[in-house]
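The values are calculated or read from the model by the stated rules, or taken from the named source; none is laboratory data. Please read all numbers here as calculations on a predicted model, not as lab measurements. Here Cβ is always computed from backbone atoms with ideal geometry, including for glycine, and neighbour counts include all displayed protein chains. Please note that ligands, DNA and RNA were not included when accessible areas were found on the heavy atoms of the full protein model with its side chains. Shrake-Rupley method; radii C 1.70, N 1.55, O 1.52, S 1.80 Å.
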Amino acid sequence: MSIRERLSGNEAVATAMKQINPDVVAAYPITPSTEIPQYFSSFVSNGTVDTEFVPVESEHSAMTATIAAEAAGARAMTATSANGLCLIWEMVNIASSLRLPIVMSLVNRAISGPLNIHNDHSDAMGVRHAGWIMLFRIMI
């Protein structure tokens, strides 16, 4: 049996989510955060966690489902990146104004124009005044 020395950032987030064992995770895949719901859904499918995984049709729907789950008393999480966060800016402010303790993993990526998949904080800076606590981990 080999010893695994390190995890990717997305796999580390999914592993942390497994340890939290939230009631609901709603997610829509967007690069570079796609692997987070992929890894986490494997934990759901093999019974490692007791979480309702909700694959939705857009980032907006992911945040809407997360808000609804939190408002109903469930612990809820989601993950997104870049233009996905732009799509849910409206819902980020609604979650904040309702004082719902949602955990959203944001894998930073430049806002596309026309196409950019490089690291940048322009997505996070767009919601910096929304009232969310933001923690940044810089990985080199």
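Tell me, which residue of the stretch 55-99 that is among the charged types (D, E, K, R) and either touching a Pro at 6+ places or on another chain (Cβ under 6 Å) or surrounded by 15 or more Cβ atoms within 10 Å (Cβ to Cβ) (or both) is farthest from P37 (Cα to Cα)?
The selected residue is E70.
Yes or no: E52 open to solvent by less than 60 Å² (accessible area, probe 1.4 Å), at pLDDT 95 or above, among the acidic types (D, E) and more than 12 Å from the chain's Cα centre (by Cα)?
Answer is no for this residue.
Any residue that is surrounded by 22 or more Cβ atoms within 10 Å (Cβ to Cβ), more than 23 Å from L98 (Cα to Cα) and in contact (Cβ under 8 Å) with a residue 40 or more places away in the chain - is there at least one of those in the stretch 35-44?
yes
Pairs, please: C-beta under 7 Å, at least 6 apart or cross-chain, first residue in a loop (DSSP other than H, G, I, E, B) and among the aliphatic types (A, V, I, L, M) and in the stretch 74-103, second open to solvent by 40 Å² or more (accessible area, probe 1.4 Å) and modelled with pLDDT of 95 or more?
Correct list of pairs: A74/D23; I88/H60; L98/A71; L100/A71.
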